[in-house]
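Below you'll find the structure, written out as structure tokens, and then a few comments.
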Amino acid sequence: MKNLFSFLIIAVFAVSSTFANNLPVESDPPTIVSVAAGNDNFSTLVAAVKAADLVTVLNSDGPFTVFAPVNAAFEKLPEGTVASLLKPENKATLAAILTYHVVSGKFEAKDVVAAIKKNNGSFTITTVQGGKLVASLRGDSVILTDVAGNISTIVITDVPASNGVIHAIDSVVMPK
């Protein structure tokens, strides 16, 4: 009986191991583009990234920090702006606007707040586009001020991606 019991234990273990080895393996965490594409609140941003041919860049290793405008942010722009920017002849302008929302490196909310506090209440961020954004605090919220003085509030922080982090913002910031 002891041998039969041992045989059954070994057989169950062998079957379990074989079953476990045939399960699908978890893939890498999604990239910034995949995370955005998987969220309906970023559908306008994803369309813009595709139109500007930035998918490959934002799928690369990075790391990147993206201040990602939600759909409602794009709706605040003057009527016809988004449709105009999505046209092939405006690809360079669209790419400049989008890369103005991207920073090289991974900066979580705690890092941004620490930099603001360390620098007497504001911190200048150089974007991939080459322009500057100023991060500061308004109450408990981090705000971004673009070169024209327009303000955007970070509404969701620290959305993880395999190649960086996303912070959702409520307005589109503009490089000029």
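You can think of it this way: the chain between Ser141 and Glu108 has 10.5 nm of extra reach, that is 0.36 nm per residue less the Cα-Cα gap. Couplings 3J(HN,Hα) of segment 63-68, computed from phi: x, 10, 10, 10, 8, 9 Hz, in residue order, whole Hz [Karplus 6.51 cos²θ - 1.76 cosθ + 1.60, θ = phi - 60°; x for Gly and Pro]. Distant-in-sequence amide contacts of Ile125, defined by a placed amide H-H separation under 5 Å and a gap of 5 or more residues or a different chain, comprise Leu133, Val134, Ala135.
Only alpha carbons enter this Debye calculation for segment 103-176, each as an equal point scatterer, and the log10 of I(q)/I(0) it gives at q = 0.15, 0.27, 0.28 Å⁻¹ is -0.46, -1.53, -1.58.
About the centre of its Cα atoms, segment 75-176 shows a dipole size close to 300 debye [charges on the beta carbon of Lys, Arg (+1) and Asp, Glu (-1) only; nearest 20 debye]. A DSSP coil position with no more than 15 other Cβ atoms inside 10 Å describes the following GluC sites (Glu not before Pro) in segment 74-171: Glu79, Glu108.
Based on the reciprocal of the average 1/r between different C-alpha atoms, the Kirkwood radius for segment 28-169 equals 15.3 Å.
Every read-out reported here was derived from the displayed coordinates using simple, explicitly stated rules and does not represent laboratory data. The model shown is predicted, which means the values in this text are computed figures rather than measured ones. A quick note on method: Cβ atoms are made from the backbone with ideal geometry, for glycine too, and the neighbour counts reach across all protein chains shown.
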